[in-house]
Every structure is written in structure tokens, then in C-alpha cells.
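Participant: The structure follows.
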Amino acid sequence: MRLAVNIDHFATLRQARESDEPEPALAALLAEQAGAHGIVCHIRGDRRHIKERDLRVLRQVVKTKLNIEMAATDEMKRIALDVKPNVVSLVPEREEELTTEGGLNVTPLQSQLRPFIQELQGSDIHVSIFVDPDIKQLDTCLKLNVNLVELNTGKYAELKQGPDRERALSELQAAAAHGRKNDLEIHAGHGLDYRNIHPVAAIPEISEFSIGFAIVARAAIVGVKTAVQEMLALIS
Ligand code: PXP
């Protein structure tokens, strides 16, 4: 079970004052030193937090695995081919959203996604798609020759303990099992925190979690090292 730390909100804090502190790359290095297995960031069309400059610095300093989340646009493809992260995660993006609102609905986008994915894979970039825990979406990812997906845990994370949350958890379990059976590598993330991680960490088919906001919020109080180590202890 691995932990990839999303560092976007260190950049959000920096942009709150349009300053040059805190340095997201420094947070990435501290997270790695604390045991994180990868670093994730999302370059958005509006550049509200992570900028191209951050990607270049991160590419130079990240020693584990750099995963850049992006929308499948020509602009983002150019950036990916230039920066060459280890992984590109394709996500949906809406300008007004506070955070990613759901998985990418891959089924109607197949003809647009296919050449995008092929070009990245041809440059040795591992492509992941962020999808809702829905078997049809996973099957479409397989048709697109993608062997890594990140299951959206957002719906599960938004619910309070009770039958609805149990149902959301069952959807994640079923999707993870279906994906593994078909040789997909299964990651998961969105909205996970120190209180809701336990039941999803118990899903054996999930090999990596991508967690951002909760770790950054905790790091503001206890420091990056402790915040990452506390999460690592919960998922292992
Ligand atoms: N996975 C994806 C695809 C995301 O877009 C995000 C948010 O950027 C995360 C995981 C992390 O979500 P959170 O910040 O709620 O932990």
C-alpha cells in the first residue's frame, strides 16, 4: 500500500499572497523524506495553484515518482511531453469547480482520448485515468490500452457513516476487484482524510492512495513530516 502526496494546496497557500512561499517543491521533498511513495500535483487551465515553473522544479527534485494530473487538452499534452512526469493522470476539469468533481466519463471521449494517450505512452509516460467506481468506465479504460486507473473516492468520502456510505464503499470494492481481475493497477483518491481512510485502506486491490488536502491541512498544524507519517501509519 503506497501513499502519493498531492502538494497542490501548498501552492494554493503561496498564491493566496501571490508570494514565493511556501515552496511546493520543498514540501514534496519533506513528504518524500517522511516516506511518501510519490508526489502528485494538478496543473489546471487557470493555473490557480501549480504553475509550469513548479512542474519543472518538481521534475528535477522529486526522487520517487511524479504524477501530474491534467485535463486532456492540447495545451496540457505539450506540457506533459515537455516535463515528462512518470505518470499523467487524466481528470475532468471545470473552471468554476473548487476541486475535481467526479471521475472522467471516458465512454463518450474515446476517440479524443485514444491519440492523446498513445502519444504520452509513446514518450514513456505512464497514463492513469481518474474514473468513478463503475465497471463500464474500467472496461473502457482497458479498451483504451490504459493499465492504471485511479478510483474516485469522492462520493464515499462525502458521506457520513451509514448505509449510503457502505454502498459507496461496496462500489469501490467491486470496481477494484473487477479492475485487478483484468490486470488494471488500481489507485484511489479524493476526499480521503485521517478519519475516513480505514475502510478503503482495507481494500486489498488498491495499491496506492493519492491524498492532498487532508495532509496539507494537517501539515499546517503538525508539520509535513508528521502529517505524512501519520497517514502512512493509517494506510499500512
Ligand atoms: N485524485 C485526484 C484525481 C484529484 O483531482 C485530487 C484533488 O486534486 C486528489 C486525488 C486528492 O484529493 P484531496 O485533495 O481531496 O485529497
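Participant: If I histogram all Cα-Cα distances within region 23-122 using bins 5 Å wide from 0, what percent of pairs lands in each bin?
Facilitator: 2, 12, 23, 22, 20, 13, 5, 2, 0
Participant: How are the Cα pair distances of region 172-223 distributed, in percent, across 5 Å bins from 0?
Facilitator: Going from the shortest bin to the longest, the percentages are 4, 20, 26, 20, 13, 9, 5, 3, 0.
Participant: Please report, in Å, the Rg and the Dmax of region 132-182, where both are computed over Cα atoms only.
Facilitator: 11.7, 37
Participant: A follow-up question, please. Considering only Cα-Cα distances, which of the following residue pairs are longer than 30 Å: LYS77/LYS136; LYS51/LYS225; LYS143/LYS225; LYS65/LYS160; LYS51/LYS160?
Facilitator: Checking Cα-Cα distances, LYS143/LYS225; LYS65/LYS160; LYS51/LYS160 exceed 30 Å.
Participant: Sticking with this structure for a sec: Mind ordering 8-15, 146-153 by average Cβ neighbours within 10 Å, highest first?
Facilitator: Output ranking for 8-15, 146-153: 146-153, 8-15.
Participant: Mind pulling the per residue volume of the convex hull built on the Cα atoms of region 109-236? Å³ is fine.
Facilitator: Convex hull of Cα atoms, per residue: 120 Å³.
Participant: Just to compare against my own numbers: the Cα pair-distance distribution for the chain, 10 Å bins, whole % per bin, please.
Facilitator: P(r) for the chain, in whole percents per bin: 8, 34, 39, 18, 2.
Participant: Ranked highest first by the average count of other Cβ atoms within 10 Å around their residues, in what order do 128-135, 116-123 fall?
Facilitator: Peptide ranking by packing, descending: 128-135, 116-123.
Participant: Kindly give Rg over Rh for region 79-166, based on alpha-carbon atoms, with the Kirkwood expression for the hydrodynamic radius.
Facilitator: Rg/Rh: 1.02.
Participant: In what sequence, highest mean first, do 51-61, 158-168 appear when ranked by Cβ atoms within 10 angstrom?
Facilitator: 51-61, 158-168
Only the coordinates and a few stated rules stand behind these numbers; no lab work does. All values reported here derive from a predicted model rather than from experimental measurement. Using ideal geometry, Cβ is built from the backbone for each residue, glycine included, and neighbour counts are taken over all protein chains shown.
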